[in-house]
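**Q** My questions will all concern the structure given below.
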Amino acid sequence: MPEGKCRLCGVLGKLTYEHVPPKVTFNKETRFKIIGFMEYIKEKHPLDKIFKAKIEQGGIGYYSLCQSCNNFLGTTYVPAYQRYSNSFIDCAKKKDFNAFELTIHDFTALKVLKQIISMFFSLNDEIFSENNRDLAEFVLDPSSQDLSNRYRVFNYINTEGQLRNIPLMASGSLTTGNLYWEQS
Ligand SMILES: [Zn+2]
């Protein structure tokens, strides 16, 4: 098990493999390839390209969290996120549609939101964790509703295309030093 700083609590120690998304949300047997970001963006049509890389198995994830935080998410937020995620199964099965109706049972928005944010911590590096301690505290305290308005989370449904787990990105100008946008 690799050692490092837990992305959520910041404690140095052994890091456990955190599935992103959680293993119970269709990420148990996922087969995937790990491609370098530069290799990816150099391609003219990266979404159509079949990249050469070893096929990994067992679900996508990162050695990112200590055992304690991993267990905390698993018991506190993952069940709510699983219910939320399952609500989209019927939509994903449909091939052609202009509109759809969605029913979510027992939707606990705060827990779902905190699980989603925790995934951003897992797929980003230690610097992201150090720079967003208020966001980590928001996730670590189940009762906290203290989310800074500098953060926004968007959700979209996609029935095709490739999975992309891309960490924090920024676009800026090297001549003016201006930052145009950031995304994670
Ligand atoms: Zn931790």
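**Q** What's the percent breakdown of Cα-Cα distances in the stretch 23-124 across 10 Å bins, shortest bin first?
**A** All Cα pairs, binned at 10 Å, distribute as 12, 32, 33, 21, 1 percent.
**Q** With each pseudo-label sitting 7 Å past Cα toward Cβ, what's the GLU39-LYS54 distance in nm, one decimal?
**A** Result: 1.2 nm between the two label points.
**Q** Which residue fluctuates the most in the chain, going by a Gaussian network model with Cα springs under 10 Å, if the choices are ARG150, ARG83, ARG133?
**A** Looking only at ARG150, ARG83, ARG133, the biggest GNM fluctuation is shown by ARG150.
**Q** Sticking with this one: Mind checking which of GLN145, GLN115, GLN82 has the largest fluctuation in a GNM of the chain, springs on alpha carbons under 10 Å?
**A** Ranking GLN145, GLN115, GLN82 by mean-square fluctuation puts GLN145 first.
**Q** Another one. Please give me, ordered by residue number, the GluC sites (Glu not before Pro) of the stretch 40-115 that lie in loop per DSSP and have at most 10 other Cβ atoms within 10 Å. Display every interim value, and only then the final one.
**A** Details: sites: GLU43, GLU56, GLU101; in loops: GLU43, GLU101.
For GluC sites (Glu not before Pro) across the stretch 40-115 that sit outside H, G, I, E and B with at most 10 neighbouring Cβ atoms in 10 Å, the list reads GLU101.
**Q** Could you go through the stretch 84-89 in sequence order and give the Karplus-derived ³J(HN,Hα) for each residue, using 6.51 cos²θ - 1.76 cosθ + 1.60 with θ = phi - 60°, rounded to whole Hz, and x for Gly and Pro?
**A** After applying 6.51 cos²θ - 1.76 cosθ + 1.60, I find 4, 4, 5, 5, 9, 4 Hz.
**Q** A further question on this structure: Which part of the stretch 62-81 falls in the paramagnetic zone of ASP141, meaning amide N under 19 Å from the point 7 Å along Cα-to-beta-carbon?
**A** Residues 69, 72-73, 76-77 qualify, since their backbone N sits under 19 Å from the label point.
**Q** Arranged from highest to lowest average of other beta-carbon atoms within 10 Å per residue, in what order do the peptides 21-27, 47-53, 118-124 appear?
**A** 118-124, 21-27, 47-53
**Q** Taking every pair of alpha-carbon atoms in the chain, give the share separated by more than 24 Å as a whole percent.
**A** Here the tail beyond 24 Å accounts for 47 percent of pairs.
**Q** Run the numbers for TYR156 and ILE89: contour at 0.36 nm per residue of separation, minus the present Cα-Cα distance, in nm.
**A** That works out to 22.8 nm of additional length.
Taken together, the values in this text are just the output of simple stated rules run on the coordinates, not laboratory data. Predicted model only: the values in this text are computed from it and were never measured. Here Cβ is always computed from backbone atoms with ideal geometry, including for glycine, and neighbour counts include all displayed protein chains.
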